[in-house]
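Read the structure below first, then the notes.
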Amino acid sequence: MAATADGQLLPLLLLLFPLLAAASSVTYDHRSLIIDGRRRLLISASIHYPRSVPAVRTMWPKLVAEAKEGGADCIETYVFWNGHETAPGQYYFEDRFDLVQFVRVVKDAGLYLMLRIGPFVAAEWNFGGVPVWLHYIPGTVFRTNNEPFKSHMKSFTTKIVDMMKKERFFASQGGHIILAQVENEYGDYEQAYGAGGKAYAAWAASMALAQNIGVPWIMCQQYDAPDHVINTCNKFYCDQFKPNSPTKPKIWTENWPGWFQTFGESNPHRPPEDVAFSVARFFGKGGSVQNYYVYHGGTNFDRTAGGPFITTSYDYDAPIDEYGLRRLPKWAHLRELHKSIKLCEHSLLYGNSTLLSLGPQQEADVYTDHSGGCVAFLANIDSEKDKVVTFRNRQYDLPAWSVSILPDCKSVVFNTAKVQSQTLMVDMVPDTLQASKPDQWSIFTESIGNWDKNDFVRNGFVDHINTTKDSTDYLWHTTSFNVDRSYPAGNHTVLNIDSKGHAVHAFLNNMLIGSAYGNGSESSFSVHMPINLKTGKNEIALLSMTVGLKSAGPYYEWVGAGLTSVSISGIKNGTIDLSSNNWAYKIGLEGEHYGLYKPDQGNNQRWRPQSDPPKDQPLTWYKVNVDVPEGDDPVGIDMQSMGKGLVWLNGNAIGRYFPRTSSTDDRCTHSCNYRGQFSPNKCRIGCGKPTQRWYHVPRSWFHPSGNTLVVFEEHGGDPMKITFSRRVVTSVCSFVSENYPSIDLESWDKRVSDDATVAAKVQLSCPKGKKISSVKFASFGDPSGTCRSYQQGSCHHPSSLSVVEKACLNINSCTVTLSEEGFGKDVCPGVAKTLAIEADCS
């Protein structure tokens with residue numbers, strides 16, 4: 001190539017050379033991804049950018065940093081199509097949807113990225129991430145060999161790929177994106193689409209490969225993934241998963257460390273012991289990339305929750321909680337697991353594996369490499385009995401349902417069932433919802449029924465979703481009928497409503513007479529409401545509602561919602577069937593139409609000041625100016641005093657609130673046994689309580705002053721009892737036994753003697769700026785129970801409390817060693833000792 005006349009080519013080449021030199025090669029073989037010629041064992045953490053906020057020092061950078069400190073090499077995220085392409089060809093990439101900025105945050109942290117473009121994502125996200133408008137493009141059928149769908153899918157996929165290429169984010173360009181995903185869990189539904197499904201899956205893979213991104217593509221749960229596309233596993237356990245080709249590595253794209261919540265149900269909880277067990281089994285059985293779905297779940301702000309009935313919280317019992325705080329012990333237990341696995345990386349990836357039986361349900365996966373390295377994963381998959389096994393002439397204690405990791409085939413550095421991390425107890429501490437000025441409450445009351453000119457009138461019912469196109473949750477239906485002498489009312493007149501879902505508020509003659517809801521398992525419902533009719537004209541207004549659109553399933557876009565039948569029974573002369581009446585329809589709420597939730601919309605004249613706002617009043621908008629909660633703790637808003645509705649701060653949509661109470665017998669247990677296969681129904685908590693009481697309000701949404709809170713309440717509550725709450729660590733606990741491994745994983749390979757015995761330790765630490773102010777419980781012996789409910793056993797050292805107080809009181813963190821040197825004479829010879837501590841932080 002010759003230089004140009006103006007001599008600009010050489011400087012241009014000098015500028016390009018560093019970029020070209022920095023490009024990374026990402027390939028794979030049967031064992032793992034190969035990055036720059038080196039096999040890699042990778043821990044990945046899912047963080048969904050629109051479920052948190054980008055503000056510096058608060059969420060995106062902090063979440064990524066916490067994942068890195070927790071042992072992650074890689075961040076994974078979906079790309080949320082319907083958050084970006086708001087109308088055909090119209091794109092939004094700002095604020096929480098600033099994908100490029102989020103990807104850059106990950107790069108700046110020095111982590112790899114797995115970009116799951118989809119663009120169907122499921123994810124308990126509204127409509128599975130696919131834009132609702134696409135359903136109304138004529139002839140479109142989602143996720144099958146359908147030209148309109150494929151055209152728009154390809155267009156969006158190309159849009160995202162081109163954005164990443166422009167920023168040089170792919171590893172082949174010197175960036176950090178090492179994997180990309182097309183489609184999502186389609187193999188579980190492909191058969192339902194027949195020949196069109198198989199053709200579509202092949203087309204999706206071909207379309208993705210043609211993007212020429214220079215890194216591998218994956219398809220999760222895609223059992224017939226073609227050559228050059230890696231099929232991956234999404235389950236609670238993937239140790240037995242095998243790729244569909246011996247040339248592909250074993251990748252786990254979704255390890256679920258918890259589960260999602262639905263309004264009206266108790267909350268699922270997956271014990272850290274079981275999560276660690278699943279991960280250790282996966283890597284012991286030849287896995288190479290494992291991703292936590294999710295490592296931080298975050299919040300379904302606005303109306304992004306799918307379902308239906310998925311909660312606004314997407315906490316997921318993840319290692320980092322919804323508010324961005326570490327969930328201990330889960331976060332720390334997994335961090336120690338990751339360190340232990342990394343000690344084994346070379347032998348795992350380059351060694352030869354052998355499976356040894358150590359008993360009926362006990363086994364060892366052993367890897368030996370050419371350099372003399374040896375690692376072993378000793379597993380006891382018995383879900384009830386602890387076992388002592390012999391491996392290489394040594395005995396090892398294996399608790400039930402656990403894995404011990406031996407990076408040298410001798411020393412146990414980690415056991416999945418032995419949780420050494422402290423437990424953080426986090427409380428929502430009330431903070432008064434202080435009005436910036438007195439008499440600052442204002443209200444706006446919705447008109448019942450059609451608040452303006454009808455959108456249309458129809459004999460009978462229409463599908464709710466087809467009518468609103470998800471522009472709002474709300475659709476009014478109004479009709480009227482006469483009661484005269486020929487239809488005298490009886491003593492037991494009943495309004496009967498059948499609906500495909502998801503909810504309805506019923507008004508008779510401008511009075512709320514009742515509400516009804518489906519649930520996360522069954523969105524349809526029937527309800528029978530006692531009513532009192534008047535002689536003459538009676539007006540019925542029914543406010544039908546959606547609570548998040550369906551997220552997944554074959555042909556899920558065709559699942560409708562809305563009323564299907566309305567009648568009145570108990571009339572002496574029979575039943576009045578109103579289903580075929582003339583029904584007038586109005587889409588949305590009056591307050592939505594006026595944008596009452598938006599600041600500076602010129603709506604002040606619509607609001608009516610009220611120093612004592614009404615309570616238990618349906619269809620009411622409330623507005624109040626509030627101060628910023630003190631401190632820097634994360635903030636939630638307590639909506640327990642309200643019924644159901646939507647809430648905003650300074651125009652930012654916090655989301656749907658619905659403190660619906662779960663049943664008192666909704667599968668909850670007093671204690672959770674980690675042993676045995678986990679399912680979402682196994683370890684539930686919160687029975688008889690609201691599924692979600694507090695709703696995350698990012699601190700970055702507050703102004704220094706002049707904050708406006710707007711609430712739309714559907715069926716009545718007490719706004720004066722709404723409060724902000726600060727999410728605060730109030731106490732720490734630990735429960736460690738003397739037979740727990742106590743090895744410094746950072747310096748393990750530098751140890752002089754692999755037979756050295758190191759006493760187990762309890763380590764307690766309060767958050768920065770706080771001290772251990774009191775020790776509420778301490779017992780060295782055989783205590784039992786869980787944090788905040790520990791009990792002394794038959795063996796208890798009398799100096800337990802004094803030893804712990806001496807070591808820990810009035811300092812931020814402390815260490816207590818489980819040894820006779822620390823506690824003195826053994827008062828219970830022959831008893832395996834445990835130290836349990838509960839301490840307050842302030």
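The values are calculated or read from the model by the stated rules, or taken from the named source; none is laboratory data. Please read all numbers here as calculations on a predicted model, not as lab measurements. Neighbour counts are summed over all protein chains in view; Cβ atoms, including those assigned to glycine, are modelled from backbone coordinates with ideal geometry. Ligands, DNA and RNA are excluded from the accessible area calculation, which covers all protein heavy atoms including side chains. Shrake-Rupley method; radii C 1.70, N 1.55, O 1.52, S 1.80 Å.
So the values come out like this:
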quantity	calculated
Radius of gyration and maximum dimension Dmax of the range 630-696, Cα, Å	15.8, 47
For residue 664, net neighbour charge (Lys/Arg +1, Asp/Glu -1) across residues whose Cβ lies under 14 Å away	+1
Over the chain: helical MRE at 222 nm, DSSP H runs n ≥ 4 each giving -39500 (n - 2.57), nearest 500	-4500 deg cm²/dmol
Ranked by how many other beta carbons lie within 10 Å on average, peptides 722-733, 517-528 from highest	722-733, 517-528
Compactness of the range 454-529 as Cα Rg over 2.2 N^0.38 Å, two decimals	1.27
Cα shape, the range 150-253, gyration tensor, a/c 1.5 rule	oblate
Bins of 10 Å from zero: percent of alpha-carbon pairs in the range 254-407	11, 33, 29, 17, 9, 1, 0
Rel. contact order, % - alpha carbon contacts under 8 angstrom, at least six apart, the chain	12 percent
Distance violations [Cα-Cα > 22 Å] among 598/689; 469/500; 68/768; 776/833	598/689
Percentage relative contact order, the range 542-687, counting C-alpha pairs under 8 Å, at least six apart	11 percent
Rounded to 10°, Cα long-axis angle of helix 99-108 versus longest principal axis of the chain	20 degrees
Kirkwood Rh, angstrom, the chain [1 / mean 1/r, Cα pairs]	29.6 Å
Cross-link reach list, lysines versus residue 248, counting only Cα pairs under 23 Å and skipping chain neighbours closer than eight places	198, 235, 285, 342
Accessible-area composition of the range 512-659, carbon plus sulfur, in percent [1.4 Å probe]	41 percent
Local net charge near residue 484, Cβ-Cβ under 14 Å (Lys/Arg +1, Asp/Glu -1)	+4
Surface share of carbon and sulfur [accessible, 1.4 angstrom probe, percent] for the range 689-842	49 percent
Over the range 601-670, relative contact order from alpha-carbon pairs under 8 Å, at least 6 apart, %	17 percent
For the chain, cysteines whose Cβ has no other cysteine Cβ within reach (under 4.7 Å)	74, 220, 344
Tilt relative to the chain, helix 272-284 - C-alpha long axis, 0 to 90 degrees, to 10	60 degrees
Selection from 443, 700, 371 lying farthest towards where the dipole of the chain points positive, charges on Cβ	371
Distance between the range 162-239 and the range 607-643 - C-alpha centres, whole angstrom	45 Å
Gyration tensor verdict on the range 364-453 (Cα atoms; rounded if a/c is under 1.5, prolate if a/b is larger than b/c, oblate otherwise)	prolate
Hull-based mean projected area of the range 54-128, where the convex hull spans the alpha carbons, in square nanometres	5.4 nm²
The range 758-842: mean projected area of Cα convex hull, nm²	5.5 nm²
Local electrostatic count, residue 451, Cβ distance below 9 Å [Lys/Arg +1, Asp/Glu -1]	-2
Cα centre as origin, Lys/Arg/Asp/Glu Cβ charges: the chain dipole, Debye	140 debye
The chain: angle of helix 330-342 to the longest principal axis, Cα-based, in degrees nearest 10	40 degrees
The range 420-483 - Kirkwood radius from inverse mean 1/r over Cα pairs (Å)	17.9 Å
Residue-normalised accessible area of the chain, expressed per residue, 1.4 Å probe, Å²	40 Å²
Stokes-Einstein translational diffusion, the range 562-711 - Kirkwood Rh over all Cα pairs, 0.692 mPa s, 37 °C, in µm²/s	166 µm²/s
Convex hull volume per residue in cubic angstrom - Cα atoms of the range 181-310	146 Å³
log₁₀ of I(q)/I(0) at q = 0.20, 0.22, 0.25 Å⁻¹ - the range 307-382, Debye sum with one point per alpha carbon	-0.89, -0.96, -1.07
Rounded if a/c under 1.5, otherwise prolate or oblate - the range 654-771, Cα gyration tensor axes	oblate
